[in-house]
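Participant: What follows is a single structure, and I will ask about it in a moment.
Nothing in this text is a laboratory measurement; each read-out follows from the coordinates by a stated rule. Predicted model, so just to flag it, every value in this text is computed and none were measured. Using ideal geometry, Cβ is built from the backbone for each residue, glycine included, and neighbour counts are taken over all protein chains shown.
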Amino acid sequence: MQTYLVGGAVRDHLLGLPVQDRDWVVVGATPEQMVAQGFVPVGRDFPVFLHPQTHEEYALARTERKSGSGYRGFVVHADPSVTLEEDLARRDLSINAMAAAVLPDNNTPDITTLVDPCGGQRDLAAHVLRHASPAFAEDPVRILRLARFAARFAQFTVADETLALMRAMVQDGEAAHLVAERVWQELAKGLMEDQPSRMFAVLRDSGALAVVLPEVNALWGVPQPPEHHPEIDTGVHVMMVLDCAAQAKAPLEVRFACLVHDLGKATTPPAQWPRHIAHEVRSVRLIQIMAQRLRLPHACTELAEVVAREHGNIHRSASLDAPATVRLLERCDAFRKPERFAQVVQACECDARGRLGYEQAAYPQGARLLRALQQAQSVATDQIASAAQQAGARGPDIGRAVAQARAQAVAAMEAR
C-alpha cells in the first residue's frame with residue numbers, strides 16, 4: 001500500500017505556483033483496508049475516501065472503460081493490482097498526469113520520486129497542453145477542462161494532435177452529450193481565470209463552442225461601426241471586454257454579463273450591418289434562452305439581462321438630465337439593489353474599454369451614476385410618500401413624487 005500526491009498539486013509545485021488543493025491516489029489497497037485505517041468512504045461511482053484528520057480525498061488507483069455516450073457510462077476497475085501508471089494514464093492532460101511521494105513534512109512533493117509516464121514535465125517546460133492518452137476522447141468534459149486550462153496558463157499552446165482529437169470528438173457528436181451542470185461548472189471556472197478569452201479561442205478552434213454556446217459562437221464575423229469599434233468584429237470585441245473584466249478582478253456575475261451583453265448583434269440581418277438597431281432586446285431574449293438551457297445561477301442571469309438591456313443608455317448617460325438619470329436608475333433597480341448596480345456599472349466600463357485603442361480610456365459616466373444613486377438614496381422617501389398621501393395622492397402619484405424628489409437631489413448634486 002503506497003500513497004502518492006497526484007495531479008494539480010504536483011503540476012503547480014513544478015511551476016513554482018502555490019499548491020491550493022491536494023489529491024491523493026493509493027496503490028495496492030482495498031476499500032476494507034482504507035476503512036480499517038479510519039478513512040471515510042464518500043465515492044459512489046468509484047472508491048474515494050476522506051482522510052480522518054485532514055479530510056483530503058484519497059482515491060484508490062483505478063482504470064476506466066467507456067460504456068456509453070458522453071461522459072456518463074464508465075466501467076470503473078479498482079483493486080490492488082492497478083498500477084500507478086495505469087491510473088495516471090486515464091487522466092486528462094499530461095501535465096495533470098504526474099505523481100510523487102511527499103517529503104517528511106507530508107506537504108511538499110518529493111520530485112526525486114516523480115512518476116511521469118505521459119511526459120508531463122516535458123510539456124510543462126515546453127508550455128504545451130497535450131492529452132495524456134487516447135482515453136481523453138472518452139470524456140467530452142475534457143474539452144472544456146483543456147480550454148479552461150488554456151485560460152489559466154495563457155502562455156501554453158494546445159498540441160496539434162490534441163486539437164485534432166478534440167475536433168474529432170466534436171464531429172462524432174460527443175460534445176452534444178454534455179449536460180448543463182457540467183458545461184456551466186467548467187465555463188464558470190474558466191471565466192474566473194486570468195485570460196478567459198483563451199478558453200473561448202480553444203473552444204472555437206475545436207468546434208465545441210458552436211455546440212455548447214452557439215449564441216456566443218455566432219458573434220465572430222459580425223461587423224460593428226468602425227468609428228465606435230475599431231476592432232470591428234463583434235466576437236473580438238466581446239473577448240476584449242471579457243479580458244478587461246478579468247484584469248479588473250471582476251466577480252463571476254460581471255464576467256458573464258460581459259460575455260453575453262452583445263448576443264443580439266449576431267441576429268441582426270446582414271443587410272443592416274454594421275448597425276445593430278435594437279440588439280439590446282434581442283440580447284436579453286438570448287440570455288434567457290441560454291439561462292434556461294444551462295440552468296444558470298439567477299444572480300448571473302439577472303445582472304446579464306440588466307447590462308444587455310441598458311449598457312447603451314449607461315454609456316450615453318452623461319447627457320441625461322436629472323429626471324432621466326433617475327429613470328435609468330429605476331430601470332436598473334438600483335435603489336433596491338445598489339450593490340448589483342455597481343456591478344452593472346463595472347460591466348459597462350469593461351464594455352467601453354474593450355475596444356481597440358480604448359483599453360485605458362476614462363469612464364466618467366460610471367462614476368457620475370454611482371454618485372447620482374448615492375445622492376438620490378439620501379432622499380427621505382418615507383416622509384415624501386407620507387406627505388403625498390396626506391395631500392390626497394394615491395398609487396402612481398406617490399411614485400412620481402418620490403421620483404421628483406430624487407431628481408431634485410441629483411440636480412442639486414450636478415449644480416455643485
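Participant: For segment 2-133, rounded, prolate or oblate, judged on the Cα gyration tensor with a ≥ b ≥ c (square roots of eigenvalues), a/c < 1.5 rounded, else prolate if a/b > b/c?
Facilitator: It is oblate, given that a/c is not under 1.5 and a/b is not larger than b/c.
Participant: What FRET efficiency would be calculated for the residue pair Gln171, Ile111, taking the C-beta separation as r and a Förster radius of 45 Å, to the nearest 0.05?
Facilitator: 0.70
Participant: Right, another one. Loop only by DSSP, 11 or fewer other Cβ within 10 Å of the Cβ. Give me the GluC sites (Glu not before Pro) in segment 204-240 that pass, ordered by residue number.
Facilitator: For GluC sites (Glu not before Pro) across segment 204-240 that sit outside H, G, I, E and B with at most 11 neighbouring Cβ atoms in 10 Å, the list reads Glu227.
Participant: Under 10 Å, Cα contacts only: if you run a Gaussian network model on the chain, which one of Thr267, Thr381, Thr157 comes out with the highest mean-square fluctuation?
Facilitator: Thr381
Participant: What is the gain in length, in nm to one decimal, between Leu356 and Ile232 on full extension, counting 0.36 nm per residue of separation less the C-alpha to C-alpha distance?
Facilitator: 43.8 nm
Participant: Please list, or write none, the aspartates and glutamates whose alpha carbon is within less than 20 Å of the alpha carbon of Lys337, excluding same-chain residues fewer than 8 places away.
Facilitator: Those aspartates and glutamates meeting the cut-off are Glu253, Glu302, Glu305, Glu310, Glu349, Asp382.
Participant: Sticking with this one: Could you compute the FRET efficiency for Arg295 and Phe46, with r as their C-beta to C-beta distance and R0 at 41 Å, rounded to 0.05?
Facilitator: Once the sixth-power term is evaluated, E becomes 0.95.
Participant: How high is the FRET efficiency from Val281 to Arg394, r the C-beta distance, R0 35 Å, rounded to 0.05?
Facilitator: Once the sixth-power term is evaluated, E becomes 0.60.
Participant: If I take all pairs of Cα atoms in the chain, what percentage of them are more than 27 Å from each other?
Facilitator: So the pairs more than 27 Å apart make up 60 percent of the total in the chain.
Participant: With each label point set 7 Å from Cα along the Cα-Cβ vector, what nm distance links Asp12 and Thr83?
Facilitator: The answer from the label model is 3.0 nm.
Participant: Where in segment 295-321 is the amide nitrogen less than 20 Å from a point lying 7 Å along the Cα-to-Cβ axis of Gln247?
Facilitator: 315, by backbone N distance to the label point.
Participant: Here's something else I'd like to know. Taking 0.36 nm per residue of sequence separation and subtracting the Cα-Cα distance, how much length would be gained by fully extending the chain between His55 and Thr267, in nm to one decimal?
Facilitator: Additional length available on full extension: 71.3 nm.
Participant: Report, please, the projected area of segment 369-416 averaged over directions, based on the convex hull of its C-alpha atoms, in nm².
Facilitator: Answer in nm², one decimal: 3.3.
Participant: Could you calculate the contour length gain from Gln2 to Gln37, that is, 0.36 nm times the residue separation minus the distance between their Cα atoms, to one decimal place in nm?
Facilitator: 11.3 nm
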